[in-house]
Structure formats: C-alpha cells, structure tokens
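A short reminder: the numbers here are calculations on the coordinates, not readings from a lab. As the structure is a computational prediction, the values presented were derived from the model and not from experiment. When we count neighbours, we look across all protein chains shown, and the Cβ atoms used for this are built from the backbone with ideal geometry, even at glycine.
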Amino acid sequence: MTEPLRIALAGLGTVGAGVIRLLDTNGELIARRAGRAIQVVAVSARDRSKDRGVDIGRFDWIDDPAGLARHAQADVVVELIGGSDGPALALARATLGAGKSLVTANKAMIAHHGLELARAAESGKLALKFEAAVAGGVPVIKGLREGAAANVIGRIYGILNGTCNFILSKMEAEGRDFADILSEAQRLGYAEADPGFDIDGVDAAHKLSILASIAFGTQPAFGDVAIGGIRHVIAADIAEAAALGYRIRLLGIADSSAQGLFQRVHPHLVPLSHPLAHVTGSTNAVVAEGNFAGRLLFQGAGAGDGPTASAVVADLIDIARGEFGPPYAMPADALAAQAPAESGVRRGRAYLRFTVADKVGVLAEIAAAMRDAGVSIESLIQRGASADGSVLVAIVTHEAPERAVAQALERLRGSQALAGEPMWMHILGD
C-alpha cells in the first residue's frame, strides 16, 4: 500500500483550521484522487489553547514554526502564517533547505521572494505551490500554468480583492458612501481593522505580480506595479458611472509587449456589457486573453476558509501524485527580466471628477486645461451646488495618451477653483 503524504501545517487561523476540516471531511475521496492518503502530522501556531473547532491534540505541536521543516515524519510543509518576511519566509527557506516541498497561501511572500524560492525548489527537485495565494478557491494559477500553457497570453486582468469589490458593489446597490460601507465590511469581517492593504490596492498588486509572471513568463516584479486604491471613490462617482453605462471596479491589469511589462492596480469604469461589471460582493474574477484559447474567465470565491483550504489541498493532491513542475510554468532561470512599460504612452478614455467652487469661469478653466494638453472631452456633467457651495463636475474624455491627461491635471494644480484633488479613473477598453 502506498504510504500517505504527511504534512506539517504552520498557521491555524481560519484557513489552517479549514484545511484540517477539509481533510477530515473529504479524506476518503481525496485519497482516491491523490492515489494515497494525505495526513497532518504536526502543527504550529501562536496559541496552543485556542479553540479552533477542530481537534489538534492528535498532531505533534511545534512552538517554533521553522521547526516544522525539521520534523522527521513530515514530507511537505504548508505555510499559512502570512507576511512577506519574518516567520513565514524563515519557514519557507528552512523547508526547501531541508529537502521538503512547500505549499503556501502567502501572496505577499511569493510576490516579494517567489523567484528565490522557485530557484531553491527547482534545484532540490521539490514542489513549490501557491494556488491559494491568488483568488482563493478559483484555480486561476493552475488554469494559466496548465490549461493555457500552449497560449501566448496578451493581457491578464480582473477583480483581485474581495474586500474592495464588496465595498464598491455595496455602494452601488445602496447609494451609500465609502466610509459607511467600510465600517460595515469591518463589522462583517470582510475588512481588517487596518484595511489599508486591501483598500489601497496592495493586496491586489501582490496577486497581479504573481499572475503576470505566470502569464508572460517574466520574473516577478511587484516593485514595478503602479498601485492605486478605492479610498477616494465617493457615492457620486458610482452614480455618475451608472448614468454613463458603467460600474466601478478595482482592477489589476497587466500586459507584456515590446515596450515592456505593464502592471497596474487602479479603480476603473467597466462597461455594463463586460462580465466583470456583474461581479458583485466579495467574489474574485480574472480574465486571461490567449491567442488560441481566446478570452478565459475564472470566477469564484476569493477568500474564506473553505475556498482557500480547497486550493491548498488541491496543491497537496498534486504533490501526492508526483506532479511537481516549475512553480511559474517554466524554469525560474528561463523567466525574462522585463523592464517596466512607460504608462504615459498608453491610450485610453478617462473619467475625471472635480469638486469645484460654484462660480463663473470654472468650467472654462477646466476645458482650457484639457484643450491645451490635447485632451478632447466626450461628455461633461455638472451637478448642483452642495451645502458647502461646491459643485461636482464629471468629465469623460475621448481616447488620449495618459501623459496628456496627466498634463491637463497638472495645469489645474493649485487652481483656486478646485476644492481638493481631482479623481482620475481609467475606462476599461475591449
């Protein structure tokens, strides 16, 4: 009889407990699909006495997570601690250094140190798997690395953060402002007490850099991702977008060309005709455009104990079957070191929102700045004065280089007519 695959598990939060629960519930089916049983033999976490809803007394307890790498019985270590450095990275390095395969859900660590870890895994003929690091239970990494392996991917983009999508779609449905919905998301557990990584786009940027590397065969380049979040989206933006036939979504977009590797996370206006406009709540969705497969859409729950645990165990099943392969779909040394693309030459339409003083000449000043920068206005909407006397002006431009839009906004910087910074959102093209 084939020996079981024995795993050591670091981190017993919702996902770690979910992995144990999934293996307990579906163990027989998993063993049939994997060709052998998958068993937890050791665990590590900060608090041994905490009730996690699963029995951990049957496993060896290791106080120091890095000690799991030295556990005599463990074949594979599962890292669910989180964080780009610290104990998680120490455990990852120790695991691969000890000749054991590693499964992780840690997008920050993979975004920052994935190339180093991939090289270590490949040199030791070990598995490094991180399906759960992007889009929870949605098999987008497996889909790109295996299902679309024969395709040249022209562009990859999507909704990569469930917290932001929950907030935006809730604002859309109820007409409430950002701060109000954020507070509700925190109460419901969709947002952290410190939500900055989510709402400022950093979490999505980690995931985008991983997807871009797999899709384009390039070295991970998190430092080159242009990052913007949804903190300054207001209810009026949601309403104006709807009036124009769009919905606002935080999108991560990447493409690779002769001009370099482009990666950006930013709120976009998405046409109602596009599938991403109809992705609501905490759902994630990723679109990949293959030259033979066409447009591929991966959609599903992007977080939570069940979906993320499902992705972790799917990686363990691959390892149990002996399906290793390079973490980034090609050997790490074959990944291209591609320079970042300059965004100023990119052409597209833009949504610009200004809060201005209610006085004569303001619209003329804005229009003159656009004209002088070579940006043509497609439509302009002005709403009545609010209680403080300010007026909201929303503009949609014709297609123009991003550099020209930036120049127009720079011309308006310091204008006495503007109250606060303008809001610039890109409009998703076909």
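Quick look at the numbers
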item: Inverse mean reciprocal Cα-Cα distance (Kirkwood Rh) of the range 207-268, Å; result: 13.0 Å
item: Listed residue pairs exceeding 29 Å between alpha carbons, taken from LYS50/LYS207; LYS100/LYS207; LYS50/LYS170; LYS142/LYS170; result: LYS50/LYS207; LYS50/LYS170; LYS142/LYS170
item: Beta bridges per DSSP with both ends in the range 5-133, % antiparallel, nearest 5; result: 0 percent
item: Positive-pole candidate from LEU23, HIS398, ALA341, dipole of the chain, charges at beta carbon; result: LEU23
item: Rounded tilt (10° steps) of 305-321 against the dominant C-alpha axis of the chain; result: 50 degrees
item: Three-way shape label, the range 34-144, alpha-carbon gyration tensor, a/c 1.5; result: rounded
item: Residues of the range 89-128 with amide N under 12 Å of the 7 Å Cα→Cβ point at ALA72; result: none
item: Beta bridge orientation in the chain: antiparallel %, DSSP, nearest 5; result: 65 percent
item: Nearest-20 debye value, the range 1-130 charge dipole, Cβ charges on Lys, Arg, Asp, Glu; result: 260 debye
item: Charge dipole magnitude, Cβ of K and R +1, D and E -1 - the range 142-301, Cα centre, debye nearest 20; result: 500 debye
item: Convex hull volume of the range 142-301 per residue (C-alpha atoms, cubic angstrom); result: 113 Å³
item: Rounded FRET efficiency, nearest 0.05, which uses the C-beta distance separating GLU378 from ALA258 and R0 of 35 Å; result: 0.75
item: Projected label distance in nm at SER343 and ALA239, using a 7 Å step from Cα toward the beta-carbon; result: 2.9 nm
item: Per-residue HN-Hα couplings for the range 361-368 [Karplus 6.51, -1.76, 1.60; θ = phi - 60°; Hz; x = Gly/Pro]; result: x, 5, 4, 5, 5, 5, 4, 5
item: Among SER183, ILE156, GLY136 - extreme Cα towards positive end, dipole of the range 133-206, charges at beta-carbon; result: ILE156
item: On Cα atoms only, tilt of 402-412 relative to the major axis of the chain in degrees; result: 50 degrees
item: Cβ charges +1 (Lys, Arg) and -1 (Asp, Glu), total dipole of the range 362-424, debye; result: 80 debye
item: P(r) tail fraction, the chain - alpha-carbon pairs more than 39 Å apart, %; result: 26 percent
item: Rounded tilt (10° steps) of 86-97 against the dominant C-alpha axis of the chain; result: 50 degrees
item: Leading residue at positive end of dipole, the chain (Cβ point charges), from LEU126, VAL286, ILE377; result: LEU126
